[in-house]
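Below is one structure, written out as structure tokens; comments come after it.
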Amino acid sequence: MCGSELIALPDGVRRVAEVLQAKGHAHAPVMLDHSARTAQEAADALGITVGQIAKSIIFRRKSDDVAVLVITSGDRRVDEKKVDALVGKTGRADAEFVKARTGFTIGGVSPVAHAHAPVTLIDRDLFRFDVIWAAAGHPNGVFQLAPRDLEQLTGAPVADVVKVEAAA
């Protein structure tokens, strides 16, 4: 990447691309033809399993109004009690809060390039996969990475933050 290809990208994707480039990440963001607002939409567009989508869920920490970013596998549900035990009591974040704190709209929240640094947790279930994809700052933007890259890019700890699925 020389920089000229960043000009036509939406602002959020450009910010993500700049961070990835600055950190020496091997994969630049790509723009999909269709929206990938949900993990299933992204998986379908990329031809991968929904579990390979690193979804970014934003919570609002009640004690100080800081954004808490939980990055988990697209086929898992976050257990808010586990998150609260690690970072303090959290609540739901509405679209306005997400946009103000991250600089991204819901459906395009990237793990990097936030407007204000969030408290971040990476769920260990992502490590089931060698290759995952994350949002790149826009509902149509994604980028490829390995789960260990998330640790390097975000500096966040890996934790168990998903609900245990009941056996059928």
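Taking only the alpha-carbon positions of the chain and ignoring solvent, what does the Debye formula give for the base-10 log of I(q)/I(0) at q = 0.20 Å⁻¹?
Those come out to -1.38, one per q.
Taking the number of other C-beta atoms within 10 Å as the exposure measure, put His34, His25, His114 in order starting with the fewest. Mind dumping the intermediate values first?
Working: His34 11, His25 19, His114 23.
By the 10 Å Cβ count, ascending: His34, His25, His114.
At a Cα cut-off below 16 Å, give the lysines reachable from Lys163, other chains included and same-chain residues fewer than 8 away excluded.
Output for Lys163: Lys55, Lys81, Lys82.
How do 11-18, 35-42 rank on mean C-beta neighbours within 10 Å, highest first?
Working: 11-18: 21.8, 35-42: 18.9.
Descending mean neighbour count gives 11-18, 35-42.
For region 48-63, take each phi angle, set θ = phi - 60°, evaluate the Karplus expression 6.51 cos²θ - 1.76 cosθ + 1.60, and give the result in whole Hz per residue in order, putting x for glycine and proline.
With the stated coefficients, region 48-63 comes to 10, 7, 4, x, 7, 8, 8, 7, 9, 10, 9, 10, 10, 6, 6, 5 Hz.
By counting other Cβ atoms within 10 Å of each Cβ, how are Ile106, Ile53 ranked from fewest to most? The partial results should precede the final answer.
Numbers: Ile106 17, Ile53 27.
The fewest-first ordering by Cβ neighbours comes to Ile106, Ile53.
Name the residues whose placed amide hydrogens come within less than 5 Å of the amide hydrogen of Asn140, ignoring near sequence neighbours (fewer than 5 apart) on the same chain.
Residues meeting the criterion, in which the H sits 1.01 Å from N, are Ala36.
Among residues other than Lys163 whose Cβ falls under 11 Å from its Cβ, what is the net charge (Lys/Arg +1, Asp/Glu -1)? Write down the numbers at each step before the final one.
On the way: positive: Arg76, Arg77, Lys81, Lys82; negative: Asp79, Glu80, Asp123, Asp125, Asp160, Glu165.
With Lys, Arg at +1 and Asp, Glu at -1, the net is -2.
If R0 is 22 Å, what FRET efficiency do you get for Ala117 and Lys81 from their C-beta distance, rounded to 0.05?
Details: r = 24 Å, r/R0 = 1.10.
With a Förster radius of 22 Å, E is 0.35.
Under unit Cβ charges (Lys, Arg +1; Asp, Glu -1), what dipole magnitude, rounded to 20 debye, does region 68-147 have relative to its Cα centre? It would help to have the intermediate numbers written out before the result.
Values: 10 positive and 9 negative charges, 27 e Å.
Around 140 debye, computed over region 68-147.
Which Cα, out of Val83, Ala42, Gly137, lies furthest along the positive dipole direction of the chain (beta carbon charges, K/R +1, D/E -1)?
Among Val83, Ala42, Gly137, the one farthest towards the positive end of the dipole of the chain is Val83.
FYI, it's all coordinate maths here, none of it is from the lab. Just so we're clear, the structure is a prediction, and the values are computed from it rather than from any experiment. Cβ sites come from the backbone with ideal geometry, for glycine too, and all protein chains shown count toward neighbours.
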